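K.L.:
Here's a structure for you.
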Amino acid sequence: MQKYLIAIIVGLGLAASALYLAVVKPVVAAPAEQSSAVFGSDGKLQLPDPHAFRRWVFVGAPLTPNGLNNGKANFPEYHHVYIEQKNVEAYLKTGEFPEGTMIVKELTRVLNPGFPDGSRTEPSGRGYFNGEYNGIDVSVKDGTRFAKTNGWGFFTFGHHPLPYSNTAAEAPVTECAGCHIANVASTDMTWVQFYPLLRDKDPK
Ligand code: HEC
């Protein structure tokens, strides 16, 4: 008899849990799509954690050195671009980044130049090598928050050596979004043509 009682109690418990999951759970607000973009109540974006984003997928490193820009490139550093793996996967499947995607572009200076064009010689040859971290720009996809700029917001946490600012307000359209809108609106506001992983979708 006791056995049956236990079975009934356990059964009731399971039924109650199932009911709870079926009925109560959906009423609780579904957690927003997990995004690494954290905004303060003032709308400022928090600096993404460098220990985290430097381990995301590294999609490319455009370089516009001073030596090729009359000695005064706007960004004479390497532009290291990082995207979270789940967002890379989604892009490869759909051709679009999911809401909440954050793309980080971290600059690194060229390593101690040995020549006026910023290059130096190493055992592998004369060229450019990664030096110190020197700045960070971020884009975030959020169709509601950034409806006016094709659903993406742009932020800069400083163009200088570490440490970077802890928070950043959305940058003015003329400073950032305008150029992305003018040139890459058809590829989700991102210069995928420079990132082989996203550009050449054939995985072979
Ligand atoms: C004059 C055009 C122009 C302006 C202005 C501009 N960008 Fe970009 N941005 C580019 C180009 C070109 C690339 C890719 C090649 C490179 O990095 O040199 C890029 C790449 C990026 C990337 C990497 C992801 C991607 O879209 O490919 C981020 C993030 C980014 N820019 C943020 C910013 C922020 C933040 C600002 C303003 C502070 C800004 N950009 C201003 C042209 C621009």
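K.L.:
Taking H placed 1.01 Å from N in the peptide plane, check which residues at least 5 places from Thr190 or on another chain put their amide H under 5 Å from its amide H.
P.N.:
none
K.L.:
Taking square-rooted eigenvalues a ≥ b ≥ c of the alpha carbon gyration tensor, is the stretch 85-204 rounded, prolate or oblate, where a/c under 1.5 means rounded and, failing that, a/b exceeding b/c means prolate?
P.N.:
oblate
K.L.:
Put a dot 7 Å past each Cα toward the Cβ at Arg120 and Asp42; how far apart are the dots in nm?
P.N.:
3.9
K.L.:
With θ taken as phi - 60° and the coefficients 6.51, -1.76 and 1.60, list the Karplus ³J(HN,Hα) couplings across the stretch 75-88 in order, rounded to whole Hz; mark glycine and proline as x.
P.N.:
Result, ordered by residue: 10, x, 9, 5, 10, 7, 10, 10, 9, 4, 3, 5, 7, 5 Hz.
K.L.:
Mind checking the full-extension length gain between Glu132 and His159? Use 0.36 nm per residue of separation minus the Cα-Cα distance, one decimal, nm.
P.N.:
8.5 nm
K.L.:
I would also like to ask the following. Cut-off 18 Å, label point 7 angstrom out along Cα-to-Cβ of Val57: give me the residues of the stretch 127-170 whose amide nitrogen falls inside.
P.N.:
It comes to 139-141, nothing else.
Read the figures in this text as sums done on the coordinates, not as results from a lab. None of these values were measured; they are calculated from a predicted model. In this analysis, Cβ positions are derived from the backbone assuming ideal geometry, glycine residues included, and neighbour counts consider all displayed protein chains.
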